Every structure is written in C-alpha cells, then in structure tokens.
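See structure below.
The values are calculated or read from the model by the stated rules, or taken from the named source; none is laboratory data. Everything numeric here is computed off the predicted structure, so don't read it as measured data. Positions of Cβ are generated from backbone atoms using ideal geometry, with glycine treated the same way; all protein chains shown enter the neighbour counts. Please note that ligands, DNA and RNA were not included when accessible areas were found on the heavy atoms of the full protein model with its side chains. Shrake-Rupley method; radii C 1.70, N 1.55, O 1.52, S 1.80 Å.
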Amino acid sequence: MTALPQHLKLLEAESIQIIREVAAAFERPVMLYSIGKDSSVLLQLARKAFFPAKIPFPLLHVDTTWKFRDMITFRDAAAERYGFNLIVHTNVEAVEAGVTPFTHSSVIYNDLMKTKALRDALAAGRFDAAIGGARRDEEKSRAKERIFSLRSSAQRWDPKNQRPELWRQYNTRVSPGESMRVFPLSNWTERDVWQYVYREEIPIVPLYLAKPRPVVRRQGAWIMVDDHRLPMERDEKPEMRWIRFRSLGCYPLSGAVESKATTLPEILVEMHTSRVSERQGRLIDTDQVGSMEKKKQEGYF
Amino acid sequence: MADTASLDAHELLDRILAAEDRKGLLRFITCGSVDDGKSTLIGRLLYDAELVLEDHLAALANESVNRAVTQDGFDFSLLVDGLQAEREQGITIDVAYRFFATAKRKFIVADTPGHEQYTRNMVTGASNADLAVILIDARKGVLTQTRRHSYICALLGIRDVVVAVNKMDLVDYSEAAFRDIEEEFEAFAAEIGLPNVQLIPVSALMGDNIASSSSRMAWYDGPALLDFLETVIVDDERERAAVQPLRFPVQWVNRPDLDFRGFSGTIAAGTVTVGDTLMVTRSRTASRVRRIATFDGDLHRAQAGDAVTIELADEIDVSRGDMLAHETALPALADQLQAHLVWMAEDEMIPGRSYILEIGHDRVPASVTELKHRVDVNTLERAAAKTLALNGVGVVNIATDRPIAFDPYAENRTTGSFILVDRISNATVGAGMIDFALRRATNIAWQSFDIDRAARAGQKRQSPAILWFTGLSGSGKSTIANLVEKRLYAEGKHLYVLDGDNVRHGLNRDLGFTDADRVENIRRVAEVARLMAEAGLIVLVSFISPFRRERRMAREIAGDVPFLEVYVDTPIEICEQRDPKGLYAKARAGAIANFTGIDSPYEAPEKAEIIIHGGIGDPEDHAAAVIEAIDRSFRAGTGTNRY
C-alpha cells in the first residue's frame, strides 16, 4: 500500500522539505490544524518529516464554536493518538457578544471568528511562522501565492509585494514583527490529497463519507442540522438525505453533496467523474467580489 | 467503460489509479509580452480540453458580461487572472500556478506575467519548469520581451521551448506571416542556445490549433498545442540527477534523544547506500552511513529527490548548511566564484555591497567583487556597466565570507543556484547561477606570522579599536575626532585618524560620489582601518558614511577588532549654518549632486554605541564623553582593559 506512485512521491518529498525548512529556520513555528482532509495530510507529512523525532512545534486550531461535532471529536482523538501539542483558540469576546453565522453576515462572522481569532492566536503565541494546508488549485488568489508567504507586522498579505521564489531556495528571513505563512501543499490537487489519504491509510473525519444525515436546503446548498442551534425558517423541516462533504468548515456555512459513496474507494471513483469544484459549497468564497483575496489580505489563512 | 456499473469500487479505483500512475508530470511556464494573450491561451486550453469545472464555468459566464468575449461568450483570461488588481489593470501581475490533467499527462503551469516590471516573476516560474511556452503576437513578431524571456529560459537551463504564434486570426491565417516569425525566432534561438524549439500557429481567441488541429491553417502540418504538450519528451531532471555524484545538503539536525543524531535533508543528486563513507565538504571530516531512516522504514539506498534522515557511524561535527558527498566526488568548495546574476530589486546591485547569499541551506554574507559585464538581452551584446538595475542580467565575480560548497549550474540546478538577500529589507534581490569557482580563491592561503595583533598591542600597551564617526557634513565629526586623538596621544596612546576628505586625495581618488563609488569608498577605508588595528593602533574613522548597510559592512570587516560607532547627531540646519567647507551652499545652488542631507539621504544609526549631540555643548566636552564611553565599553567588554 505504501508504494506511492512517482508523482505523489515527488509531492511528498517536496512538502517534507518545506516543513523541515520551517522547523530549521524559524524560532517559533506553529502548524494550523483545521481538522479537514488537508490538515490530516499535513499532519502525516509533519510526522514523516521529523521521524524519529516528534513534531517539534505545536498545532493550532481556531475554533469558531460552530464546527461539526464530529470534527471536534476527531481533533481530540488525533491529538491523543499522535501526542502532538494542541492549542485551541476561540474569539471568546465575539462569542459572548453573540456573534453567530445567523445574526451576522458571513463576511463579519468570518472576519471575527476566523480572521481575527487567528491573528490574535498567532500574536499571543508570538509565532513567526504558521504552516497551513492551503492548495493553489483551490481558489484563484491562492494560485498566486508563494509557498513561503510574507505577512506584515499587521499580518497583512500584499499580493503586489511577494518575494520571488526561485528553485527550491526559500527566503525565510523576517524582520521583527513580521511573520511567514507557509503552504507545503501548494502543488497538490484535490485528487492528489484523496489519493494520498487512500494509499497512506490516513484517518479522516467521517463526515467525508456518505450516510443519511438531517439536512435543509438553503441558498441552493444542503446544510446539515448538526445540533439544535440551527434556526429553522418557516416551512423548513429537516429531511434525511444521503450526503457527504468535500470540504469542511463551520456547519451552517458548509454545503454538502448528495452521494452514496460510503468508502474511500467510492469517493475516489466519484471524484474521478465530478464536474464541480470542492469549494463550490463554501458560502464564504462568494460573499463578496474578490472574496478570498480580500480575506487573505486581512490575515485569513 | 460501459460496464463500470458491474465493477465494484475497488476494481474500478484500481483501474483509475493504474492509469493515473502511468501519467508523467510536465511543469511548464507560459510567457510573452503584454497582451499577447497568455491568460486567454491557458483559459482556452483548459476549456477546449473540457477541464473547466461546472461551477467555475458558471462563474466565468457571469463575470464575462461587459467584457470582450469570444463567440462562446467567455473571456477566458478571467479563468487565470484572479487578483482584483489584475482585473482592474487588465494585466497579469504575478505567477499563477494552474494544475490540469488530460488522459495522457498531468501538468503544472506557471502563468507568468509579460509586463516588463515583473520579469523577476517570469524568472521565478522558469526556475522550476521543464518547458516554456512563449507567445508571440502574429502581428507584432519577435519583440524585446520575447527575446528577454527566451534568453532567460536559456539562461535558466530550459531546453524545450514551444513558440505559440498567437492571433493568427488577425493576420488572415497567413502562412507568410508565420514563416517570417519562424525564421527570425529560429535564428535567435540558435544564437542563445535553445536546442529544442517548436513553433505552432494558433488563435487562442478562436481556438485554432489549441486542443485540435485547425482547418483554417491547412498549410501547417505540425501538432496542435495540446498534442505537443502531451507527447513531448523533455529532459528529465530527476533521472539526470540520479546518476550524478551524491549531493546531500543538510537541512536539519534530528536529535530526538541522546541515542539518535541524524541529518535530515533532500538528496539533491546521486545515490547514497548504507555503508558508504561520506565526507563533510567544508571540514573534510568523514564517517560511514549507519542508517538511512524514514517514517516508512529504513532504506538500504536512497536517491536524488528523496527526503531522508542519515545517521552516521561517528560523532563528527555536521550542522545545517553543510553538504555531505562521497570522498571521491566532492563538490567545489570556494569563497570566490563566477556566476550569471539576474537582478530583481528596485535598488540597483552595487559591487562591494554586502548581501546574504543563500545556497541550499547555507547562509553566508557575500558581495559582488566585480561586475564583468551586463548582457543586453535584445542584442545579446556584452556591455560594460558599474551596476545592475531591476531585471538586469550580468556576469559577476562573487566573494563569500567563508567557503561554500556548490556545482556549476549547468551540471546541477539545485546545487548550482543561489539567491541574494538584502540585509536590511530581507527582500530577495538577486538570482544567481554559478559558472565556476575562481582559482585565485583557493590558491591564496592566509599567511600567518608569529607577531600578531596581541603582540603589537602589548608593545604599545593599549587595546586596538576602531572608532567609526558618522554624521552629516559639518556635524563636527572631525573636530571631535581630532580632540579625542589629542587627549589620548597626550596619554601616550598610538592612534591614527582616517578622514574622508584626506583619503579621497590618495587611496580613493579614483572614486566619485555615486552610490556604487560610495560603497567602494567605505569598503576600502574599512579594510585599511582593520589593517591599522591589526598593527596595534587605535583607529578613528571620520566619514559621513550615510548608509546603514555600509556601516554594517565596516563592522563586519572589523571582525573581532572592537568596533564602536560614534553618531554625531547634529541637526542639518546647524550643519548648514556652519558649512565649514561651503559645500551646503554649493549643493543648494545645484553645483554638487548627490549631497548627503540635500538630495541624497542620510540613514541615522539605529544602535550606535556612542551618540553625541553635536548641535549643543562644547566639542571638548564631547571628546571627553567619547573617551569616557570608550572606557566604559572596554570595561564592560574585556574587564580591566584600559587604553
């Protein structure tokens, strides 16, 4: 099973080199752990990079309090199983102020619960480098981002002022207050990630596999009723449908796809014939023009 | 696959994966001048190959409203020009990486900008590509940017080039137009050494010869663009690297506990086998490979491209930045080398200025000792030059503070390439490709004499030091330095004052006041100060020295000689009132250019050891304050040391 095909071996080695570079060149690195499939792959690569040593930096999860319950269970089990140092950060002020995906627009919600929470967590930990699982095939502004992506002391990304990134020679130098976001999965595609999960037998959150779940139809997407906090609109009644997720975020903002793929092989076969992108169900990608670019400039991952 | 329904998922998946695994990966870049239609070409390629996903296509149709569109109703450039700033200006600012796969191959495309000010991004894309697609507008022919990009492709070692002659629809699909360009380009390619060139007439807008052959150009019997990309056999860097001598740059020392000490890194070339004797290139110490460790189990042998951890049999000193190799085939080790340099910063490259050179995982201060010539990428002529501006390409000699291990770029793109980083802004300012080591570096050994600095200083009963006075013209540097010298001389100390004006009469009389000459001016004076300190003297240097970079260089040249920066901080209004040499008056009248404080900046020290407020108080008091500060710093630094 571990006989990886050539192209995955190349991607794996490239990512390991990047992760090691972060550990070697920065004083206080951290790895973002968002519990999704990309995070699971990133975690596996980090374990490989430092073997036989343990991962020499903590993992950070920015918890909006609106993640799927299955994700939190999976996160805690993973921290237990692999013995990594897990930091969980929530924007408590915003929670106490009553910010939810329903009371506020997705732009404001995302800004407070994700972008601001992340910036606060990075500042609190005085982290000078943060590894994330973003891929260039996800979204157009990500396709333009460097593997080592500089952030100003205000954590801002300036797409016009990126460092040229030549060969495999990464310029890791930062001035006081500046930090680096690092994307070891930059050159992976969604298919690569799934194939790697399959061949490496990497555990993933069960929500990626189809089963009957309670959902409602909103803005053309299937939204799962993960707990009692999801307000029902008039005439709305949850129905059971065979669904799964291609991308996991906050449950009220993550659209499911209808599917009968209950095993990894079935998911991979389904992927092979899919004609829509994985972020198609992500409501935050399209809530404003140039959406992701703006969010990224402000410090979103 | 009509019978797919009867197969179970496992069997079906095995079939799919087997097919996927056979596909190779081609990394290519697209380049060309502004408005040649690169983004449109890639968008069209993806669309015609039916690789655009449904939701992306829906978004594209929506965004294409109010824009110039094709007959299909799309503006294909919007598929790749993702940034708001790009859409506003209608140009591609930065490299965009796109991924697609056909039935035959996987592709990573670096879509690079045509705009001249972003040439550095084109170099970025080319550094990791196997092949280049260069676009030419059929109406315009071979332009400056075409030449520049082709030359950079050749320089970066790309051997395979496809020239897509675009907008054939606008020249009535004329064969003559195409043949003219073909002839001109092939002559140019031969000149710059691009071995494999394929020209294809296309129309990205109309889809001619993109995914399938066009009936509108029956005179062309070559492949369509996609056919060609799917089938071209390119030079396989990894295969080539595997048969070269072993190069293992040490990235990280892996020490989980006292029982294990391994060296992690990615093999840049060659193979390593358990039992091999490896040598540390710099220290020339050697040991045997005990174990090649990976998460997936120990290996007996590993090859180029593998990310592994090597454990050696003996406890020899190896750290990040070292290179391990077989004793019989070591890389070059030198502190002087010749390289091709592409300049990537607004601030011009100035010989003598100190940068950080990064090669592999090694980081070392370095400077360009000589710009041998600049290459005019239009005419390919060698032009004499003193500096390199943004996007300039030149051949340079480089000196590093300590020897580095490398191979010529022509032999290995990984161990033969480096970047230069600015020491203040940390920006990546240069990309270098090493030609060879300079012999003189290895032949000049440091001659050691029995009488050393300590002996000379002992004889003079003093501790040598360099006092570096910096400040505006007229700030009072020389006045204070003079008083400090008089007082210490009276105590029986041995000193010398190096003064900016005086040195320019002799040693530095060949230098002017351009930035490049100022850098060289400071470099020479810092070297002289160091030699004098070696002779046991206390050296007072009184130079405006306006740039932080150069004062830092002077401090580095001083090495282990105590170096104290004395900042004479006098407001420019006062300096200008004093104007002892009448220079401010001349500068204000426009008679002197590049005058510090007037039309050339002064960068105040961020942490000078001694700060004197030269606008207030008495110079005698200032001199006393300097001597007191020197004493204090010596007592703090070396205990009882008194001049």
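Under the condition of being closer than 18 Å to B:A177 by Cα and among the polar types (S, T, N, Q), the residues counted in region B:189-213 number 3.
I need a count of the residues in region B:336-349 that are surrounded by fewer than 23 Cβ atoms within 10 Å (Cβ to Cβ) and in contact with a helix residue (DSSP H, G or I) (Cβ under 7 Å, 6 or more places away or on another chain). I'd like the intermediate steps shown before the answer.
Keep residues of region B:336-349 that are surrounded by fewer than 23 Cβ atoms within 10 Å (Cβ to Cβ), which gives B:336, B:338, B:340, B:345-348.
With the extra rule that they be in contact with a helix residue (DSSP H, G or I) (Cβ under 7 Å, 6 or more places away or on another chain), the set shrinks to B:336, B:340.
Qualifying residue count for the region: 2.
The single condition among (1) crowded, with 23+ Cβ neighbours inside 10 Å; (2) touching a residue at least 40 places away in the same chain (Cβ under 8 Å) that B:R261 does not meet is (1).
For beta carbons closer than 6 Å, sequence separation of 6+ or different chains, a first residue in region A:126-142 that is closer than 30 Å to A:P176 by Cβ and a second that is aromatic (F, W, Y) and in a strand (DSSP E or B), the qualifying pairs are A:R136/B:Y97. Checked against (1) open to solvent by 60 Å² or more (accessible area, probe 1.4 Å); (2) over 13 Å from B:F178 (Cβ atoms), B:D221 passes all but a single condition, namely (2).
Pairing residues of region A:258-284 that are hydroxyl-bearing (S, T, Y) and outside any loop (DSSP other than H, G, I, E, B) with residues that are modelled with pLDDT of 75 or more and open to solvent by less than 60 Å² (accessible area, probe 1.4 Å), at Cβ distances under 8 Å and at least 6 apart in sequence or on separate chains, gives no pairs at all. Filtering region A:3-27 to residues that are of a type in the set (K, R) and open to solvent by 10 Å² or more (accessible area, probe 1.4 Å) leaves only A:K9. Tell me yes or no: at least one residue of region B:399-420 is assigned to a strand (DSSP E or B), within 14 Å of another protein chain (Cβ to nearest Cβ) and surrounded by fewer than 17 Cβ atoms within 10 Å (Cβ to Cβ). Within region B:399-420 (the criterion being assigned to a strand (DSSP E or B), within 14 Å of another protein chain (Cβ to nearest Cβ) and surrounded by fewer than 17 Cβ atoms within 10 Å (Cβ to Cβ)), the answer is no, since none of the residues qualifies.
Only residues that are more than 12 Å from the chain's Cα centre (by Cα) and under 19 Å from B:L388 (Cβ atoms) were counted across region B:354-364, and they come to 1. Suppose the filter is within 17 Å of A:R181 (Cβ to Cβ) and at the interface with another protein chain (Cβ under 9 Å from one of its Cβ atoms); does A:A13 pass it? Here the answer is no, as A:A13 does not meet what is asked. If you check B:P331 against the conditions, is it over 15 Å from the mean Cα position of the chain (by Cα), within 24 Å of B:Q303 (Cα to Cα) and surrounded by fewer than 19 Cβ atoms within 10 Å (Cβ to Cβ)? Against the criterion (over 15 Å from the mean Cα position of the chain (by Cα), within 24 Å of B:Q303 (Cα to Cα) and surrounded by fewer than 19 Cβ atoms within 10 Å (Cβ to Cβ)), B:P331 does not qualify. Specify the residue that is farthest from the other protein chains (Cβ to nearest Cβ); the eligible residues are those in region B:421-435 that are over 18 Å from B:R549 (Cα atoms) and open to solvent by less than 10 Å² (accessible area, probe 1.4 Å). Out of the qualifying residues, it is B:I434.
State yes or no: is B:L388 away from chain A (no Cβ under 14 Å), open to solvent by less than 60 Å² (accessible area, probe 1.4 Å) and modelled with pLDDT of 90 or more?
yes
For region A:149-176, the tally of residues that are farther than 14 Å from A:V22 by Cβ, small (G, A, S) and either outside any loop (DSSP other than H, G, I, E, B) or more than 9 Å from chain B (Cβ to nearest Cβ) (or both) stands at 3. Screening the candidates B:A585, B:A589, B:A593 for the property of being of a type in the set (A, V, I, L, M), within 33 Å of the chain's Cα centre (by Cα) and modelled with pLDDT under 90 yields one hit, B:A593.
Identification of helices (runs of 4 or more DSSP H) wholly contained in region B:116-217 with 1 or more residues that are without any contact (Cβ under 8 Å) to a residue 60 or more places away in the chain and away from chain A (no Cβ under 14 Å) yields B:144-155, B:175-192. Remark: pairs (first residue in region B:552-566, under 15 Å from B:V525 (Cα atoms); second residue polar (S, T, N, Q) and open to solvent by less than 20 Å² (accessible area, probe 1.4 Å); Cβ separation under 6 Å; 6+ apart in sequence or on different chains) = B:M553/B:S354. Quick check on B:F547: is it under 19 Å from B:S478 (Cβ atoms) and either at pLDDT below 90 or not charged (D, E, K, R) (or both)? No; evaluated as a whole, the condition is false for this residue.
Being closer than 26 Å to A:E138 by Cα, touching a strand residue (DSSP E or B) at 6+ places or on another chain (Cβ under 7 Å) and either surrounded by fewer than 16 Cβ atoms within 10 Å (Cβ to Cβ) or not small (G, A, S) (or both) narrows it down to one of A:V41, A:V107, A:V62, so name that one.
Exactly one residue qualifies, and that residue is A:V62.
Consider B:D227 carefully, then state whether it is among the acidic types (D, E) and buried (at least 21 other Cβ atoms within 10 Å of the Cβ). So B:D227 does not fit the description; no.
Residues that are free of Cβ contacts under 8 Å to residues at least 60 places away in the same chain and not hydrophobic (A, V, I, L, M, F, W, C) were ranked within region A:187-213; the one that is farthest from the other protein chains (Cβ to nearest Cβ) is A:R213.
Check whether at least one residue in region B:361-368 is among the hydroxyl-bearing types (S, T, Y), modelled with pLDDT under 90 and either farther than 30 Å from B:V243 by Cβ or in contact with a strand residue (DSSP E or B) (Cβ under 7 Å, 6 or more places away or on another chain) (or both), and report yes or no. No, that holds for no residue. When A:V30 is tested against (1) in a helix (DSSP H, G or I); (2) open to solvent by less than 20 Å² (accessible area, probe 1.4 Å), only condition (1) is not met.
Annotation note: Cβ proximity below 6 Å between a residue of region B:219-239 that is at pLDDT 85 or above and a residue that is part of a helix (DSSP H, G or I) (sequence gap 6+ or interchain) occurs for B:W219/B:E175.
For a quick check of your reading: which helices (runs of 4 or more DSSP H) sit entirely within region B:450-534 and have at least 1 residues that are under 17 Å from B:P619 (Cα atoms) and open to solvent by less than 70 Å² (accessible area, probe 1.4 Å)?
B:477-490
Taken as a whole, the condition of being out of contact with any Gly (no Cβ under 9 Å at 6 or more places or on another chain) and surrounded by 20 or more Cβ atoms within 10 Å (Cβ to Cβ) does not apply to A:E139. Only residues that are within 14 Å of chain A (Cβ to nearest Cβ) and part of a loop (DSSP other than H, G, I, E, B) were counted across region B:273-326, and they come to 13. As an exercise: evaluate B:N378 against (1) under 30 Å from B:V250 (Cβ atoms); (2) open to solvent by 50 Å² or more (accessible area, probe 1.4 Å); (3) of a type in the set (S, T, N, Q) and give the number of the one condition it does not meet. In the conditions (1) under 30 Å from B:V250 (Cβ atoms); (2) open to solvent by 50 Å² or more (accessible area, probe 1.4 Å); (3) of a type in the set (S, T, N, Q), B:N378 misses (1) alone.
Being away from chain B (no Cβ under 14 Å), surrounded by fewer than 21 Cβ atoms within 10 Å (Cβ to Cβ) and β-branched (V, I, T) is true for just one of A:I131, A:I87. Which residue is that? It is A:I87. Has region B:220-242 got any residue that is within 14 Å of chain A (Cβ to nearest Cβ) and among the hydrophobic types (A, V, I, L, M, F, W, C)? Yes, because at least one residue in region B:220-242 is within 14 Å of chain A (Cβ to nearest Cβ) and among the hydrophobic types (A, V, I, L, M, F, W, C).
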